[in-house]
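To start, the structure itself, in structure tokens.
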Amino acid sequence: MALLDLLRSNNKLTCEAERASALTELRGLFPAAEWGVELDFNYYTQANIDNLWTNELRRGLKNKLEAASLGKADYGTWLGDIHFLNIGIYRNSLFERYRSNAGWRLVLMALPRAGAVLVGIASHYQNAQNHNKLGKVSNLLFDIASEALESDGQGPMYGRKISSADWDQDGLFPTQVSSVAGVSIAPDVVFLKDIRTTTLKKILASFIAVKVLPSSVANADLHSELAVLAASAKYLCAKVYPFGGLEEFEALRALGLQDLAAAGTRLLLRRKSSTRSVVRVYYGPPGTGKTLSAVREAVKLVEPGFDDKGNPTASFEKFNDYRDQCAFITFHPSLQYEDLVESIRPVMSADDVASADEDDRPDEASPEGQLRYRVHEGLLLRMIRRALQTPGKEFVIVVDEVNRGDVSRILGPLISTLDSDKRVGAEFPIGIELQYPRAEELESRLFMPSNLHLIGTMNSSDRNIALVDHALRRRFDFIQIPPEPSLLRSTTDAQSIDCRLLLRTINARIEHLLDADHCIGHGYFVGCDTNAKVIERLATKVIPLLREYFYGNEGLILMVLGDSASQTANFFKLNPPEKQFEKLFGIDLDTASAFGYRPHTTPKSLELDSRLWNPTRLIPGPDDEAYAVSCLLKLCQSGAPVPANPGDVEGS
């Protein structure tokens, strides 16, 4: 129990008295032949208490204490003697001569005022190091160790990652502390920031893995935790880069502190990645749910167990929740490499510089109003850096309308890195030289990480832009998303319209007149549970699309919709061309033919019957809903008659 007594104590004399006994107990758990042990006792000094009271203690808590007539001395008494106890346990095989300012070690730490005992793995810290950068490097090392242990069947990594909530908030408190020196501070609670110095903050940022135990932990449970941790440590130092050598560990850690993405790249280059990158395009007619399929797949890559259970909203909500790992962009003709990857952009004032992303700011402050330039990193480059910095996570970019942009101009040299076998960690990794590398980067070559996936969508009906050159097409997997009429239902009106049959009829006729790429997706009729909604969708979305499909030969629209002079219900106004001609010119066709007139066979425009849809109404809709429904019911019938002459329409 000497070890637990030491960890629970908040008295300097008790700590010193228990030091030798605690060390003997540790030697029973960690034999001197294999392990070295170092004890570091850190006591509060008067300077520490002065600084905490003046600078670190949050204003709201301090006001409550002062309102209760408590001052700095009372606060110092409540803190106790012990700032923290730090016990480092290291493998002798890693060190010819142990150095406390190098390498990694097991750590057993007590935070008496927080009522916590921390068990984990940590590296070292130096006063000049930034704790936020050190925390990110620690997280990268956690991912390395975790992946290695799990891939070799050693079980999950011990503990969890460290975070800013641990050294600034109450992430390390087993239970919340809501009173100080007998004074209630509820609903506030004590944060670690209120009781720790900068030194402790940096030590905590060096934790690669941490597990929080209450100070009331049983002696047997503490020994069990240390045994599990020791087993993981033995495996890491024997099997896992960079944990197997002091020089390798220090090199990767130092690189990570300067350039985390470069450290991730070096790590991936040393080992083969088991991740096969997804570079996929969903293509199909408009309205088939290509974007939904892409978003759903993106979420599944990030969270493999995700299932939206047929609710598209859940997929989009989850996609937006993963804002650091999932990104969305739409390609367009004006997009280029400078927008998506890197460029130099002007800034006009100090305010612009201050509002820019941290990574985009110029090295020196510029006077307000003076023109300066900064390096801008586009979405793709930012996502590449995130993926390299966090190789244990998956990252996805969804590219909507991928064929609307000039992919060669947008991606530039990165095209060569799209292949799965050209990614970092794959068989044939290719790195490209950045045009504007960061000043602090040690390695200017950029590799495409295996954990960054690209999922695109492409509208197959846009024939003028649907052609993707073969070099690019080879790098993408193309998956067709066809219309699915089975997802639709009949309307609930008494005279019900079967939306499934309606879509099948329209698509069968379009496919015969054009091709399958120009079919209409089921998305056009999703949610149409009433006849009124079906009429509105057809008049405002489907028919305008058909006008685009059959531009210059709009008479074919009549064939698709089954309109003819013999029908009692037609979508468009139909009149015999002879009567139109005689009314317009005052002569018959025979006389006009003698003058050299040749009749037109293709109408210039079709006019919707206002009984089907009247856009000039106060609320646009059909003048005669019963007539509009009869038009739709006619269309649902297979083998509906079509006009013999598509030119027999008004306006020819």
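The values are calculated or read from the model by the stated rules, or taken from the named source; none is laboratory data. Note that the coordinates shown come from a computational prediction; the quantities given were computed from them, not determined experimentally. Here Cβ is always computed from backbone atoms with ideal geometry, including for glycine, and neighbour counts include all displayed protein chains. Ligands, DNA and RNA are stripped out before the accessible areas are found, and what is left, the full protein with its side chains, is counted by its heavy atoms. Shrake-Rupley method; radii C 1.70, N 1.55, O 1.52, S 1.80 Å.
FRET efficiency for ARG617 and PHE585, Cβ-Cβ distance as r, R0 = 35 Å, nearest 0.05?
0.55
Once you place label points 7 Å from the Cα toward the Cβ at THR175 and ALA32, how far apart are they in nm?
Those two pseudo-labels are separated by 4.0 nm.
Tell me what the chain gives for mean residue ellipticity at 222 nm when only DSSP H runs of n ≥ 4 count, each as -39,500 (n - 2.57), the sum divided by the residue total, rounded to 500 deg cm²/dmol.
Computed mean residue ellipticity for the chain: -11000 deg cm²/dmol.
Could you go through the range 564-573 in sequence order and give the Karplus-derived ³J(HN,Hα) for each residue, using 6.51 cos²θ - 1.76 cosθ + 1.60 with θ = phi - 60°, rounded to whole Hz, and x for Gly and Pro?
6, 5, 7, 7, 8, 10, 10, 6, 10, 6
Quick one, which of (i) 18, 47, 26, 9, 0; (ii) 15, 33, 27, 17, 7, 1, 0; (iii) 16, 37, 24, 15, 7, 1, 0 is the actual P(r) over Cα pairs in 20 Å bins from 0, in percent calculated for this model?
(ii)
Using the heavy atoms of the protein chains alone and a 1.4 angstrom probe, what is the accessible area of the chain per residue in square angstrom?
46 Å²
Cross-link partners among aspartates and glutamates for LYS201, C-alpha distance below 15 Å, same-chain residues fewer than 8 apart left out?
GLU56, ASP166, ASP168, ASP170
Indicate, rounded to the nearest 5 percent, the antiparallel portion of the DSSP beta bridges found entirely in the chain.
65 percent
For the range 533-564 and the range 231-302, compute the distance between their C-alpha centroids and round to whole Å.
49 Å
With a Förster radius of 22 Å, plug the Cβ-Cβ distance of THR54 and VAL189 into 1/(1 + (r/R0)^6) and report the FRET value to the nearest 0.05.
0.55
Please list the non-local residues whose amide H lies under 5 Å from the amide H of VAL347, H modeled 1.01 Å from N, same-chain partners needing a gap of 5 or more.
ARG372, TYR373, ARG374
Could you grab the relative contact order for the chain? Cα pairs under 8 Å, six or more apart, rounded to a whole percent.
10 percent
Ignoring ligands and nucleic acids, what accessible area does HIS522 show with a 1.4 Å probe (Å², nearest 10)?
20 Å²
Excluding THR330 itself, calculate the net charge of residues whose Cβ lies under 11 Å from the Cβ of THR330, where each Lys or Arg counts +1 and each Asp or Glu counts -1.
My count for the surroundings of THR330 gives -1.
List, in the order given, every pair from LYS422/LYS541; LYS133/LYS239; LYS133/LYS309; LYS234/LYS318; LYS136/LYS422; LYS64/LYS133 whose Cα-Cα distance in the structure shown is over 32 Å.
LYS422/LYS541; LYS133/LYS309; LYS234/LYS318; LYS64/LYS133, as the Cα separations exceed 32 Å there.
Taking θ = phi - 60°, what integer Hz values does the Karplus form 6.51 cos²θ - 1.76 cosθ + 1.60 yield along the range 16-26, in sequence order, with x for Gly and Pro?
With the stated coefficients, the range 16-26 comes to 5, 6, 8, 4, 5, 5, 5, 5, 4, 5, 5 Hz.
What stretch of the chain, leaving out the sites themselves, is the longest with no chymotrypsin sites (Phe, Trp or Tyr not before Pro) in a DSSP loop having at most 11 other Cβ atoms within 10 Å?
The longest uninterrupted stretch comes out as 1-550.
Per-residue HN-Hα couplings for the range 611-620, Karplus 6.51 cos²θ - 1.76 cosθ + 1.60 at θ = phi - 60°, whole Hz, x for Gly and Pro?
5, 7, 7, 10, x, 8, 5, 4, 10, x
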